[in-house]
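The values are calculated or read from the model by the stated rules, or taken from the named source; none is laboratory data. These figures come from a predicted structure and were not determined experimentally. Here the Cβ positions follow ideal geometry from the backbone for every residue, glycine too, while neighbour counts run over all protein chains shown.
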Amino acid sequence: MGELFVTYLRPHWRVLILIAFLLLIQAIANLYLPSLNADIINNGVVTGDTAYILRVGGLMLLISVLLGFASVITVYFSARTSMRFGRDVRGDIFRKVEGFSLSQMHAFGVPSLITRNTNDVQQLQMLVMVGLTMMVLAPITAIGGIFMATRENLQLSALLFVTVPLMIAVIGYMVFRAVPLFRAMQVKIDRVNGVLRENLAGIRVIRAFVRTEHEEARFADANADLTDTALKVTRLFALIMPTLMLIMNLTIVAVIWFGGHLVSDGSMPIGNLFAFQSYIMQILFSVMMAVMTMMMVPRAAASAERIQAVLQATPEIGEPARAHEEPLPRIGRIELREVEFRYPGAQDSVLQKVSFTLEPGTTTAIVGGTGSGKSTLVNLLPRLLDVTGGQVLIDGVDVRDIPLEKLWDLFGIVPQRGFLFGGTIASNVRFGNPDATDEEVLDALTVAQAREFVDLLPEGIEAEVDQGGVNLSGGQRQRLAMARCIVRDPLIYLFDDSFSALDYTTDARLRAALAERTQDRTVVIVAQRISTIIDADRIVVMDGGQVVGIGTHDQLIDECEAYQQIVSSQVALEDVR
Amino acid sequence: MSQRTVTPPPRSGGPFGGGGGPMGGLQGVSDAKAQDFRGSLKRFGARLRPERIVVIFVIVLAVASVFLAVLGPKILGNATNLIFEGFISSKLPAGVTQAQAVAGLQAAGQTDQAQMVASMNLTPGQGVDFTALAQVLALATLVYVLSSVLSWAQNYLMAGVTQRTIYRLREDVDSKLGRLPLRYFDSSSRGDVLSRVTNDIDNISMTLQQTLTQLITAVLTVVGVLGMMFWISPLLATISLLTVPLSFVVTMVIAKRSQPHFIAQWKWTGQLNGHVEETYSGHDLVKVFGHRAKSIADFDVANERMYESSFKAQFISGIIQPALTVISNINYVLIAVIGGMQVATGAMSLGDVQAFIQYSRQFTMPITQIAGVANILQSGIASAERVFELLDQEEETPDPDPAARIEDIEGRIAFEDVDFRYLEDTPLIEDFNLAVDPGEIVAIVGPTGAGKTTLVNLLMRFYDVDSGRILIDGVPTTTMTRDDVRRTFGMVLQDTWLFEGTIRENIAYGDATATPEDVEAAARAARVDHFVRTLPEGYETMLTEGASNISAGERQLLTIARAFLADPAILILDEATSSVDTRTEVLIQQAMAALRHDRTSFVIAHRLSTIRNADVIVVLERGRIVEQGDHEALIAARGAYYRLYRSQFENPDEALDA
């Protein structure tokens, strides 16, 4: 955590010094006021010198105003510094993650990355803000107060040796008991919410199996458990404030008793007794503040660790060290040479010695069971993943030597889940080509078989799309994703099981329309449905990470056993021979 | 329909962190505002009724505790007086009476001091009366201890009140969910409902804990302290009183000026988080479509705006504390000066002035607390409103009583003139008629949106028909209880729902009385027994939420085992096999065939190979049966089924011609 702070706060060092200085002034002013009051009593009240009282009063007023200014300036700079801290860390995390590879994204997990970029930074930001105000002021005041108190009267200050440790012990004990309970409570809240989440997701099944009562009992159990723990926590907290107040008050009582003796035998002026009380109060209060704000640190430390993990990760897929300088021939021939892929630390490779070539102007289908490696293969082409052995070459150039943006320029992808961005239908289609005209957008939608529902919408292509596209059906999302790729008109089309959300008729029509558009392009289709791939120029059959057959449908249906199995699971073999 | 989720940001509650608390600064709650604040507040107050006795008791304790706490400074003031008087008396010559000393001072021209001494209660030359002091301090100790004990008792009891109230609220919400019709769940965003039952209730819980006790104590303290101050010195009290409205005004003015910035902050936070979520979820799309640079640029814009608004918000609201401190300090100075002069002229005792200073210090905290509470309360009541909305939703019509029962179900199903639609203006199923004999397999096919899942919804009485009847063995389903209707059927859905529990528990979900042997027999029948035994913990393996530690195909097999165990009379298989690979597919088909044996089954699938073997194929197009018959007959008929079947295998051009 320390390094994070050093890195991001160092640029602000001048402001930090200013803040420290201002906090010092505040602490001094806070401690000076009571001693001025003591002077009023000693030299003004006792002697009856009202002019003196007024003079010193004026000084106190001045100091109060000064204190006010100092605090406001402190707040300004600490707010600015802490918010800048947050902004800078957020920005760096985002840039880092943007450069991550697919496997790095999965290693962290998308939800976790989101939390790290948002909530975790928030935690740290708040810590900096509080730290620059409370957490520095409190110890300075406490130390200053102890200094003033001991300077005032050493004997009376001995009281502090009793009360301060006592306070710290009380708070420490409370925290010691409270923190584990609090963590347990969080787990139980998660459990209660988890049951509710499950019940909402599986409501049909629960009712179908007539298990509503059972689920309600399960919930009641979790609820009672949570309440039990929550009660313990809140009751523990109930003790804290009264106990601390009691300690403070009894300390004052002790001060008056012992102080009275000191005043009586002349070793302490009476006014100073009151100043002393003030010092004690300030010291105890500051100690309390300091300890309580320390509580924020462990939580923030956990957040800092999570953030550091992201910031210190090196992107797996980076720009080439020596980029291929000449412009690319843009033919679209993709060659896989002895390609191997294995996840870091995994025992088995996902792909082993895969070799074949995809020619421009052809449609190649890749089929295989789950775990056969087909999706991984497709991800290797645009360098969403990098090969761990062998090469992927486009028009003779290793993809790792091509600058990333240029490489991506060659491709259009339609992944398995139709993911859309918040905006309109038009903005989503234009995601593939920001310069597309309305006609081009409509044209792409026509090819993608999406016109029939877009035309029915009142706003047409300006109809709203919610984040993630959740206000559209799976089939509609998929077709828009297709349109997005079509409007881009890339050299290489990659379809990763993108037709499965469509029904058979739409699937057929779409591929027909697509075939017209992609006559001289390279098309790769990963699919499960026989009807989707049956017309491909070439079919690559994968099993267990290896290529077990390449050919046309007619060739494979006679020669390739794996292919026969796949087909027979979907239709009667006689129908397709 | 739009499915925007409204999720209030999770509140950072913690032992000593989070909004409010000792820091006392306003942390700007979310801009969620209650639409009917008073109404919801009243309704929420009504929820506390079961606890009213305890609450009254708590208030009594609070009054007592505050009373004692307020008394404390006065008593200490008396102690101070004893010391001061002792101090002054020691400066006077011994053996003289008080009156003589006063006269002496006056004669010397020190009228002020003479007045001061006259107003005191001392014996010249005596010094501090330590016995009296001891008594007073003992009283003070007692008062403080008692006050703390009462305060603790008050907090202790209040904790119980708040926790029990929240417990009951959660219970009510959960049981309400069980009585709501499926229509509600289908038409609401799941995120929204989830947010209401989780985030909103958490918010209410936190609000309740933070506001209730604080409010009672703060108000009582303010009243008590004011009372004491007036009793001691109306003059000083009036001066102090000037600071109260000033504090309120300052707090309100500054808070108001900061509010627009907090709103902007929340807005930009939402934008930023949304952008982050989208970009990370669509990471590969952003890269390959060349949007990386733009994505970063968009992020920077939102980030910068968020920085600006949060900086201003924190700064402006951060001024409140210093401002209040300045006011409080000025108050302190005025009291010290004026009070000092009063003491010098004998109009007030020193102890009283010191007590007064103590009181003005005691004043500011409750005021900031009350201001803070108002904000938190806003947010809490807004959440309460959303929860009440849920509790007010219309429930399912109750089951008939007495209900019809069927002993030994044969499995004959009939749809008679059934009409149904989800939305008023979108007709779906009209004049639907179907008769199914026991043991028959019915395949339901058609393009998407044709009403296939709707038939399932109607059979299971998840939704009720608008007109017409559905009969099981001749008995209308509306005359049976919903539970009995549902027990008749076994469902294997496309969406496999497995919960966090062992494999054994999940399979046995269909029958609570199942023995381990029953479970294993069902697993064998579902062709999944072998797989379970290859797992290190076998049947005791825990499935994580959403069952992500086994593959999709294996999940499917487990749900089939579950259906086997439930041993229903009639089976509904809803698009069950679309997301699986070849080998598991074969297993599933075998398992399903075994499951279907001798049972009336409704099969809804895209895989026409499954459908080939059905006894009856029902082809739906836009909610209407357009064809009925077996595979050979329908192929020969060259109708809708023929078209659908052909489109799977033939050249696409031919399909277009058909």
- Task: Residue by residue through the range A:257-287, note down the ones that are in contact (Cβ under 8 Å) with a residue 12 or more places away in the chain, surrounded by fewer than 23 Cβ atoms within 10 Å (Cβ to Cβ), of a type outside the set (Gly, Ala, Ser) and over 17 Å from residue A:31 (Cβ atoms).
- Result: A:258, A:262, A:268, A:269
- Exactly one of (1) touching a residue at least 24 places away in the same chain (Cβ under 8 Å); (2) among the polar types (S, T, N, Q); (3) surrounded by fewer than 20 Cβ atoms within 10 Å (Cβ to Cβ); (4) under 23 Å from residue A:503 (Cα atoms) is unmet by residue B:426. Its number? (1)
- Item | Hey, residue A:266 at the interface with another protein chain (Cβ under 9 Å from one of its Cβ atoms) and more than 45 Å from the chain's Cα centre (by Cα) or not | yes
- Task: Kindly list the number of the only condition in (1) surrounded by fewer than 19 Cβ atoms within 10 Å (Cβ to Cβ); (2) touching a residue at least 12 places away in the same chain (Cβ under 8 Å) that fails for residue B:274.
- Result: (2)
- Query: So, of the residues in the range A:209-240 that are of a type in the set (A, V, I, L, M) and in contact with a Phe, Trp or Tyr (Cβ under 7 Å, 6 or more places away or on another chain), which turns out to be farthest from the other protein chains (Cβ to nearest Cβ)?
  - Reply: A:233
- Query: Quick one: is residue A:89 modelled with pLDDT of 90 or more, among the β-branched types (Val, Ile, Thr) and either in contact with a Lys or Arg (Cβ under 7 Å, 6 or more places away or on another chain) or under 21 Å from residue B:270 (Cβ atoms) (or both)?
  - Reply: yes
- Message: Conditions first: (1) under 23 Å from residue B:472 (Cβ atoms); (2) in a loop (DSSP other than H, G, I, E, B). Residue B:394 passes all but one, so which condition is the exception?
- Response: (1)
- Message: Scan the range A:68-76 and tell me whether some residue there is of a type in the set (S, T, N, Q) and surrounded by fewer than 23 Cβ atoms within 10 Å (Cβ to Cβ).
- Response: no
- When residue A:105 is evaluated against the numbered criteria (1) surrounded by fewer than 17 Cβ atoms within 10 Å (Cβ to Cβ); (2) facing chain B (nearest Cβ under 7 Å); (3) within 41 Å of the chain's Cα centre (by Cα), which criterion, by number, is the only one it fails? (1)
- Message: With the structure loaded, tell me whether residue A:201 is over 26 Å from residue A:244 (Cβ atoms) and more than 9 Å from every other protein chain (Cβ to nearest Cβ) or whether it fails that test.
- Response: no
- How many residues are at pLDDT 85 or above, loosely packed, with under 15 Cβ neighbours inside 10 Å and assigned to a loop (DSSP other than H, G, I, E, B) if we restrict to the range A:332-366? 2
- Query: If residue A:423 satisfies every condition in (1) under 22 Å from residue A:511 (Cβ atoms); (2) in contact (Cβ under 8 Å) with a residue 12 or more places away in the chain; (3) of a type outside the set (A, V, I, L, M, F, W, C) but one, which is the exception?
  - Reply: (1)
- Query: Is the range B:113-133 home to any residue that is part of a helix (DSSP H, G or I), more than 10 Å from chain A (Cβ to nearest Cβ), of a type outside the set (Gly, Ala, Ser) and within 21 Å of residue A:48 (Cβ to Cβ)?
  - Reply: yes
- Message: Looking only at the range B:237-286, filter to residues that are more than 28 Å from residue A:382 (Cα to Cα) and small (Gly, Ala, Ser); which one of those is farthest from the other protein chains (Cβ to nearest Cβ)?
- Response: B:237
- State all residues of the range A:413-451 that are of a type outside the set (Gly, Ala, Ser), more than 10 Å from chain B (Cβ to nearest Cβ) and within 28 Å of residue B:190 (Cα to Cα); if no residue qualifies, say none. A:416, A:424, A:425, A:428, A:429
- With respect to residue A:116, is the statement that it is facing chain B (nearest Cβ under 8 Å) and under 30 Å from residue A:19 (Cα atoms) true? no
- State yes or no: is residue A:253 crowded, with 19+ Cβ neighbours inside 10 Å, without any contact (Cβ under 8 Å) to a residue 60 or more places away in the chain and more than 7 Å from chain B (Cβ to nearest Cβ)? no
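Please go through the range A:367-378 and give me each residue that is among the β-branched types (Val, Ile, Thr) and either part of a strand (DSSP E or B) or out of contact with any helix residue (DSSP H, G or I) (no Cβ under 9 Å at 6 or more places or on another chain) (or both), ordered by number.
Matches in the range A:367-378: A:367, A:376, A:378.
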- Do the conditions hold for residue A:282, that is, is it touching a Gly at 6+ places or on another chain (Cβ under 6 Å) and within 14 Å of chain B (Cβ to nearest Cβ)? yes
- Task: For the range A:285-302, name all the residues that are within 11 Å of chain B (Cβ to nearest Cβ) and closer than 14 Å to residue A:122 by Cα.
- Result: A:296, A:297, A:299, A:300
- Task: Scan the range A:107-125 and give yes if some residue there is closer than 17 Å to residue B:302 by Cα and acidic (Asp, Glu), otherwise no.
- Result: no
- Task: Tell me, please, whether a residue that is modelled with pLDDT under 80, of a type in the set (A, V, I, L, M) and in contact with a Phe, Trp or Tyr (Cβ under 9 Å, 6 or more places away or on another chain) can be found in the range B:384-391.
- Result: no
- Considering only the range A:96-111, how many residues are within 17 Å of residue B:273 (Cβ to Cβ), without any contact (Cβ under 8 Å) to a residue 12 or more places away in the chain and either touching a strand residue (DSSP E or B) at 6+ places or on another chain (Cβ under 6 Å) or not in a loop (DSSP other than H, G, I, E, B) (or both)? 3
- Query: Can you name the residue in the range B:153-199 that is within 14 Å of the chain's Cα centre (by Cα), of a type in the set (D, E, K, R) and closer than 27 Å to residue B:213 by Cα and is also surrounded by the most Cβ atoms within 10 Å (Cβ to Cβ) among such residues?
  - Reply: B:170
- Item | Members of the range B:77-112 found to be small (Gly, Ala, Ser) and more than 10 Å from every other protein chain (Cβ to nearest Cβ), listed by number | B:77, B:89, B:94, B:95, B:99, B:101, B:103, B:104, B:107, B:108, B:109
- Message: With touching a His at 6+ places or on another chain (Cβ under 8 Å) and among the β-branched types (Val, Ile, Thr) as the only criterion, which of A:164, A:110 stands out?
- Response: A:110
